[in-house]
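The values are calculated or read from the model by the stated rules, or taken from the named source; none is laboratory data. What you see is a predicted model, and the numbers here were worked out from it, not measured in a lab. Reconstructed Cβ throughout: ideal geometry from the backbone, glycine too, with neighbour counts over all protein chains shown. Note: accessible area is taken over every heavy atom of the protein model, side chains too, but ligands, DNA and RNA are not part of it. Shrake-Rupley method; radii C 1.70, N 1.55, O 1.52, S 1.80 Å.
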Amino acid sequence: MSKNIQEYTDPDAMLTELNARSHGKYFLCTCPQCQQQEAYMYKTNMNVIFCNRQNECGETTRVLYTEKESTEALKENYGKKSTSKKWLSKQEKEELRVLTANMRYFTDELGSFDIDKGKNYRGISRGVYQSHLLITPDLEFGTRLLDAFPGIMRRYGRSEEARQRFENRDVVIPFYDEKGQVDRLLLRSTSPDVVYSKEYPKELHCVVQYQKDEVKNYQHNINYSQDSPILVTESLLNALSVKELDHDVEFIAATGVNHVRQMQAYIQSNSALFKERGAILAFDPDKAGVKAQEKLHALFEKQEIPFENFPYPDTERDLNDLLQDDPQIFREIWEKVQNECQERVNEPERVLNLAYDEMASFLMNEYEGNVESFEEAKIAILEEVKEKNKVSLAYTDFSFEGQEEEYDIQVSLDLNSMELIQEVSAQHGNYTIVAKQFESERDLLDSAKNFDFAELTSVSEELLQEKMKEKNRQPIFYNNPSLSQDGR
């Protein structure tokens, strides 16, 4: 029988053997050819299995069923509804709790194991990788996982052949869900003696919370503390390779070239951040990586996110290869593309447009009812800019404590002089105060993100007195009986 044809008694047996789980219109399962949990089949056509690993496998497997009488009814049933289990047993929940606690302890508190082989992993130092992955003391960690957590890992070690894929695994990359629990483990090996094949892949994916329709398949370290471009790549090792050279880089990395949908959703929901900082796309330079990166191009262009592609010197090496081959050349390439992306991000017209977005959001939120939408506010701002008029931001009346006189204040932005202007009106005259001078478009954007009505309309009594003196007006504190005529 051809290796691309597999026989099972019925769909139930096939789904069990391939560790299948329901996911919308299809099942996710183990590929019969490469044994990775990265294949799928449609519920309406359970005779064909497709492998998602386009570069390493990509095989199509045809399925034959020997018990034909029950097969059609089962296939129809699977096509109508989800049959995946939607809960963990009590034992499995406890296993998940213990596994999560151990992973958190090893990475967050212990900072990985202090062992010689862990000082450096594929050119990445312990200080860089330790919050993201774990290198264990020996090569038996993978098989220990199967024995220590028989419930949540039972799908992966049912046969001796399957168990062999967990041998010599001492590198663990955990992925956590929104509750902080382990969702997925990626297992690798540091052994130089291991020979990789379809039966023993370089990276082994273990879905821990198998009851979920979707588990976490990306990591990021974005904490809004930087203003440099964000690295977007297809694997954590690629991201950490850049971080080895640039400790301040913030990144988002998928679990593989075929697992970018969740990452795309994160970028889309945080588009304002990516618009402001820009992105450097660094998917592998192979056919699958280029194809996936093109999808990100479309998303970034639609969201108006500035980006640059990492300029690989050849099509054979990924970011981790470049780090190991020549760190200095890699550093020069990274700094060059980072500077190019930063220049695009800081284009004055683009930064001003982001500032207009922030002002439109401020007006919409502050004047709810008078400003119907963000779009209406943005159009009004752009019209004022086109006419070279000041952009109005706030208007109110006020009085100083202990004073009877009332004042009106109009706050506006003068883009010609890059100044925030307060125009104060009183019965005895009008006075203009420069509340803030913006040094650049970026300075304006940073301020616009934090516009506050009370702060914008807060007038410095001292500055107003100076303006009144300039017009030979009596300073307002003369009305205060507690002060003498000379102000003492």
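Okay, here's what the table says:
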{"item": "Ranking by accessible area, most exposed first, for Lys291, Lys212 with a 1.4 Å probe", "result": "Lys291, Lys212"}
{"item": "Computed over segment 277-428, Kirkwood Rh from alpha-carbon pairs, angstrom", "result": "19.7 Å"}
{"item": "Mean separation of Cα contacts under 8 Å (6+ apart) over length of the chain, as relative contact order %", "result": "8 percent"}
{"item": "Estimated distance in nm for a label pair at Asp227 and Glu372, the labels positioned 7 Å out from Cα along Cα-to-Cβ", "result": "3.7 nm"}
{"item": "Rounded accessible area per residue of the chain, 1.4 Å, Å²", "result": "50 Å²"}
{"item": "Accessible surface of the chain, 1.4 Å probe, proportion on carbon and sulfur as whole %", "result": "45 percent"}
{"item": "Positive-end extreme of charge dipole, the chain - chosen from Ala282, His247, Asn430 (charges on Cβ)", "result": "Ala282"}
{"item": "Relative contact order (%) - segment 410-474, alpha-carbon pairs under 8 angstrom, separation at least six", "result": "26 percent"}
{"item": "Exposure rank, largest accessible area first [Thr136, Thr432; 1.4 Å]", "result": "Thr432, Thr136"}
{"item": "Rounded if a/c under 1.5, otherwise prolate or oblate - segment 162-259, Cα gyration tensor axes", "result": "oblate"}
{"item": "Where only C-alpha atoms are counted, convex hull volume of the chain per residue in Å³", "result": "226 Å³"}
{"item": "Partner lysines for Lys471 [C-alpha distance under 27 Å; skip if fewer than 8 residues away on the same chain]", "result": "Lys390, Lys436"}
{"item": "In range of the label at Gln324: residues from segment 107-128 whose backbone nitrogen is under 11 Å from the point 7 Å along Cα→Cβ", "result": "121-124"}
{"item": "Accessible-area value, Ser191, 1.4 Å probe, nucleic acids and ligands omitted, Å²", "result": "20 Å²"}
{"item": "Which of Asp10, Asp108, Asp213 is most accessible, then next, and so on - probe 1.4 Å", "result": "Asp108, Asp213, Asp10"}
{"item": "Unsatisfied cross-links (Cα-Cα over 21 Å) in the set Lys93/Lys212; Lys202/Lys287; Lys25/Lys202; Lys295/Lys378; Lys378/Lys449; Lys25/Lys198", "result": "Lys25/Lys202; Lys295/Lys378; Lys25/Lys198"}
{"item": "Cα point-scatterer Debye curve for segment 87-142, base-10 log of I(q)/I(0) at q = 0.16, 0.30 Å⁻¹", "result": "-0.55, -1.18"}
{"item": "In segment 1-58, trypsin sites (Lys or Arg not before Pro) in a DSSP loop with at most 16 other beta-carbon atoms within 10 Å", "result": "Lys3, Lys25"}
{"item": "Helical mean residue ellipticity (222 nm; -39500 (n - 2.57) per DSSP H run of 4+; nearest 500) of the chain", "result": "-10500 deg cm²/dmol"}
{"item": "17 Å Cα-Cα reach of Lys119 towards lysines, excluding residues that sit fewer than 8 places from it in its own chain", "result": "Lys243"}
{"item": "Solvent-accessible area of Arg158 with every protein chain in place, 1.4 Å probe, in Å² to the nearest 10", "result": "130 Å²"}
{"item": "Hydrodynamic radius (Kirkwood) for segment 154-206, which is based on Cα pairs only, to one decimal in Å", "result": "12.1 Å"}
{"item": "Mean separation of Cα contacts under 8 Å (6+ apart) over length of segment 97-144, as relative contact order %", "result": "39 percent"}
